[in-house]
Amino acid sequence: MQPISVAHGDGIGPEIMEATLQILKAAGAKVKWEPIEMGEKEYLAGNSSGIGKEAWESIRRNKVVLKAPMTTPQGGGYKSLNVTLRKSLGLFANVRPCKSFHPFVPTKHPAMDLVVIRENEEDLYAGIEHQQTDEVVQCLKLITRPGCERIVRYAFEYARLYQRKKISCFTKDNIMKLTDGLFHRVFKEIAAEYPDIQAENWIIDIGAARLSDTPEIFDVLVMPNLYGDVVSDITAQLSGSVGLAGSANIGEKCALFEAIHGSAPPLAGKDLANPSGLLRAAVMMLNHIGQSEVAETITNAWSCTLEEGIHTEDIYQAGLSKEKVGTRDFGKAVVERLGKKPATLAEVSYAKEARIHIAPYERKTPGEKTLHGVDLFIDWKGTNPDDLAEKIKDLHASFALKMITNRGVKVWPEGFEETFCTDHWRCRFERTSPNTKTTIGIAELLIHAIQKDIEVIKTENLYAFDGQKGYSLGQGQ
Ligand code: NAD
């Protein structure tokens, strides 16, 4: 018996969890459920993360969680429980299969069958935000080589395991050349190790446009956190209903399985919700813990239920559906069909060993790192960049002021008066000679700025790695 921590959730959570557990039990899943408390009750009891100490202990002991959706209470001060779980447990891969169940669930995309693999811990979700001036706030986008290698390799291993043919990487590296550029570069490096799988890269905007128009041309998709968050909701909706998709959050030590939708408070307690998303997440969980035969039995019975037109309200269509049922009766209908095989929808056969192991990251030999200068970020309420340049250009004899940008656009030297400027200025100083003592020089530069009443709100060192500049240049003319 595999022990599993089970969170019954809020809103429709307890109803869809009950239906799901009933099906797993009837199908013979060898699991021992350990209920844990998290979500709205915990938040309202004063726990800002929504997860209590006992719940953490259970999760860390069992390493596998089945979780129903949770309600985040209105108002500030509540941390996202999902982000906390993903980051604390190192759940780096978010896997969302989205498939059409045509003709039984109406969709404009009958041939769609894809899997979104989203990096789950990094990117703007590192949550490092600062207000720096009256007019400007910033959020750091952190992309790491270990993070990219792990998620991209996971995607290729997933494709092999599930006999998928192609992986599409979505990035915006034409603009974010360093961050998204690293993700894309790692994708190309790792793709070369998997010649049996076709690999392609799309700029996220056109990729997402094609995806929402012709999802059937995609197979497996891999992308950084924020893009994956948005794209995977779109693909779930394209398949017919958000109530149908499950997701897996996979880490090296732990895994968490849940429906992709939320707690749908207006449906709570009415026996109306579709339990399929959570059930399909539970099937992913069964595959993960090596009970693939039970997983197959459940998926085939669920497909029979759909085929026979036994539908919950969200997918019910007069003329196509046969019977409109509630959450409970949908669960019973699946139980009654355990052992049956679908006639039209594909019968599934899962790999016997579905756990993907990624070799631990091996740190590369560090490159030659040279400090070229510094960007001083300055809070300055003036409007003419020439005036600012005049104030700061002689701050240090060993550093030359090379440019000033505002919101990334070069405004000095030779800026355009048309460019809109805020009170947040990036002033780039580069060493005047390779012999400059750069580290101490930067500290002196900062002191000189403070002595002249210049408000430096942040500094960013300018490094080159093996001779390649590790910093962006100013945009514009
Ligand atoms: P939601 O997913 O709960 O609802 C969106 C729409 O989909 C609603 O019309 C709802 O009725 C419908 N829907 C969702 N699940 C359904 C199901 N199983 N069967 C039939 N219809 C279904 O999104 P929301 O309204 O934006 O969020 C409600 C609450 O859920 C919020 O507190 C939010 O923070 C939380 N939430 C939690 C999770 C999670 O725990 N993983 C995810 C998303 C949202």
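FYI, it's all coordinate maths here, none of it is from the lab. All values reported here derive from a predicted model rather than from experimental measurement. Using ideal geometry, Cβ is built from the backbone for each residue, glycine included, and neighbour counts are taken over all protein chains shown.
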All lysines inside 17 Å of Lys63 as judged from Cα atoms, apart from same-chain residues fewer than 8 positions distant: Lys30, Lys32, Lys53, Lys87, Lys253
Chymotrypsin sites (Phe, Trp or Tyr not before Pro) restricted to the stretch 415-471 and DSSP loop, no more than 12 other C-beta within 10 Å: Phe416, Phe420
MRE, 222 nm, helices only [DSSP H, n ≥ 4, -39500 (n - 2.57), over the chain, to nearest 500]: -10000 deg cm²/dmol
log₁₀ of I(q)/I(0) at q = 0.10 Å⁻¹ - the stretch 108-238, Debye sum with one point per alpha carbon: -0.33
Summed side-chain charge close to Lys166 - residues other than Lys166 whose Cβ falls under 13 Å, Lys, Arg +1, Asp, Glu -1: -2
Given charges at beta-carbon only (K, R positive; D, E negative), |dipole| of the chain in Debye: 1320 debye
Relative contact order [Cα under 8 Å, 6+ residues apart], the chain, whole percent: 16 percent
Cα gyration tensor, the stretch 379-477 - rounded (a/c under 1.5), prolate or oblate: oblate
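DSSP beta bridges in the stretch 171-325, what fraction antiparallel, as a percent rounded to 5?
Working: 5 of 8 bridges.
Taking every DSSP beta bridge with both residues in the stretch 171-325, the antiparallel ones total about 60 percent.
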Sequence-distant residues sharing a close amide H with Val31 (under 5 Å, placed H): Gln2
Inter-label distance for Ala126 and Lys41, nm, one decimal - labels placed 7 Å from Cα along Cα-to-Cβ: 3.7 nm
Share, in percent, of DSSP beta bridges within the chain that are antiparallel, nearest 5: 65 percent
Net charge, Gly277 excluded, C-beta distance under 14 Å - Lys, Arg +1, Asp, Glu -1: 0
Cβ crowding within 10 Å averaged over residues, with 198-209, 296-307, 257-268, 99-110 ranked highest first: 296-307, 257-268, 99-110, 198-209
Extension gain, Asn384 back to Ala443 (0.36 nm per residue minus Cα-Cα distance, nm): 18.6 nm
